[in-house]
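Engineer: Just dropping this structure here.
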Amino acid sequence: MAHVNLPQGRRWPGRPRWGVLDLVSAALFTAVFVLLVLIVTSLGDSLAASGRRALARSAAGSRQRERIVALLDSPTASPFAIDSCPAEEVDNMPCEDPRRNSQLSREMNFYRVRHCPLPGETPLCLVPPPKGYRIPVPWPESLHKDIHGKFIEERSSGLDEGRGAILHFSRWWYYVPRWGHKLHQKTWPVYPVKQRPLEDRSRYGMWDGTYLIEVDRLLRPEGYLVISGPPVQWAIQDKEWADLQAMVHALCYRLITVDDNTAIWKKPSGASCLPYLNNFWLDRCSDNDDPNEAWQALGKLRKCITKVPLSEEISLSAIPEWPQRLSKTPARISLMKNGIDMFEADTQHWARRVIYYKKSLGVELGSPRICNVMDMNAFIGGFAAALSSDPVWIMNVVPARNPLTLDIIYDRGLIGLYHDWCEAFSTYPRTYDLIHVAGINSLIRDTTSGNDRCSLVDLMVEMDRMLRPQGTAVVRDTPEVIDRVARPCDPVDGPGAQE
């Protein structure tokens, strides 16, 4: 076979020969193309926003944080201002950031659980209102009208419980914005054990019964479990429907009715089911296990059934109807040292304080301007109880490191949750008309060491995020703490709120 040597330039006639000028031209063309893409499409806005967020967390942002914290702690510092966040942060929820959560595990919906930045990682800036923001329509017109004055279509669930709040999760759950407290891998921080008179669970996986065990922990004795939608009598989920019925039967719940794709069960009043749990491969929790410890740091969902003291005394038929239950001494207050005397003293204390707020401080409680209220350090709900005659809705927050008193709040017919105030709260910005906090410094103080677990200024920035424009914050603490709080803001009447 003959072997022919071709000239160097003719061996691969189809292969281009790139020179330096060609490479430079290609690079310039690519740069121009990318620039056009960034200008014409929304990708440029997204990258720019990411860049600004990264810059806020850069060394310059760290120096800004150090400067603000130093000013807050300096007794000789003058009042100062905190800058606004970039405009794209108008809906910022630090612990519900989809950019971070999307990178996490999907197992048991772990990526939907709260995932918060570490203390000091969140930029110290104030979330601005969106362009064209308007003050919300006053209550009660807001029940029927949107912000533009248009009427809202009313929808009724057909459920009416006179003995307390209704927790209703049906297909509407999917419109609740990234709240992060759905029954996922961890226990619910929102409710203590045996509180709810009614639970509605719809379209959820049971994960070997752990979800129903968590619902049982939340549900008050003689309360109702409502499951609407799959797998109730769902043609393609016969096995899941059978498993669900077996699990509910193992918990000794009594079937009330099955109507189409909705089933209703009633929980027993006492602990009659506990001796038979092993027959259904269910275990009892240890006697040392406190089912009220519901904050997310506790870990994964329990796989055991808890026994609760005074279960018959806190059953649905034993508690008074509303509004008598608000002022009557709850049965579980007796489990606290001097609980009965403390309950009466706390009730009278906050009745006097609310009168003082209205008459001396001019806080517009009872007016249409204030509807959504938060108590950041609720204890047993005395502040909320004192406002029972006003047209307000109150979120009672019990700090997770404080005594676990949320059961008392629910026994009174109020609503609330546990929360650690060194983390952001799971709500959209501009949610509340009024935020009340007694003892703001205690929310971040480590009772063991006496040191702050996080910065007071971070907590104040979070309060500003939750408070709507022209909203009101009432802070009660010592004069020294109030002086620190007043530096980055303009209190209406600082000395009057210093007690």
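Engineer: May I ask you to verify whether Ala385 is assigned to a helix (DSSP H, G or I), crowded, with 19+ Cβ neighbours inside 10 Å and modelled with pLDDT of 95 or more?
Structural biologist: yes
Engineer: Kindly evaluate Leu414 against the criterion of being part of a loop (DSSP other than H, G, I, E, B), buried (at least 18 other Cβ atoms within 10 Å of the Cβ) and aliphatic (A, V, I, L, M).
Structural biologist: Yes.
Engineer: Right, something else. Test Arg134 against the stated conditions and say whether it is exposed (fewer than 14 other Cβ atoms within 10 Å of the Cβ), modelled with pLDDT of 75 or more, more than 30 Å from Gln324 (Cβ to Cβ) and more than 21 Å from the chain's Cα centre (by Cα).
Structural biologist: Answer is yes for this residue.
Engineer: With Leu326, Leu335, Leu361, Leu316 as the choices, which residue is of a type in the set (A, V, I, L, M), at pLDDT below 95 and in contact with a Phe, Trp or Tyr (Cβ under 9 Å, 6 or more places away or on another chain)?
Structural biologist: Values: Leu326 fails: in contact with a Phe, Trp or Tyr (Cβ under 9 Å, 6 or more places away or on another chain); Leu335 fails: in contact with a Phe, Trp or Tyr (Cβ under 9 Å, 6 or more places away or on another chain); Leu361 fails: in contact with a Phe, Trp or Tyr (Cβ under 9 Å, 6 or more places away or on another chain).
One residue alone meets the criteria, Leu316.
Engineer: OK, next. Residue by residue through the range 432-445, note down the ones that are in contact with a Leu (Cβ under 8 Å, 6 or more places away or on another chain) and in a loop (DSSP other than H, G, I, E, B).
Structural biologist: Scanning the range 432-445 gives a single hit, Ile444.
Engineer: Within the range 389-411, work out how many residues are among the hydrophobic types (A, V, I, L, M, F, W, C) and part of a strand (DSSP E or B).
Structural biologist: The total comes to 5.
Engineer: Determine which member of the set Leu434, Leu443, Leu467, Leu459 is of a type outside the set (Asp, Glu), more than 29 Å from Lys131 (Cα to Cα) and modelled with pLDDT of 90 or more.
Structural biologist: The conditions single out Leu443.
Engineer: List the pairs whose first member sits in the range 324-340 and is assigned to a loop (DSSP other than H, G, I, E, B), whose second member is among the charged types (D, E, K, R), and whose Cβ atoms are under 6 Å apart, counting only residues at least 6 apart or on separate chains?
Structural biologist: Listed pairs, sorted by first residue: Pro330/Asp411.
The values are calculated or read from the model by the stated rules, or taken from the named source; none is laboratory data. Bear in mind that the values here come from a model prediction, so they are computed numbers and not experimental data. Positions of Cβ are generated from backbone atoms using ideal geometry, with glycine treated the same way; all protein chains shown enter the neighbour counts.
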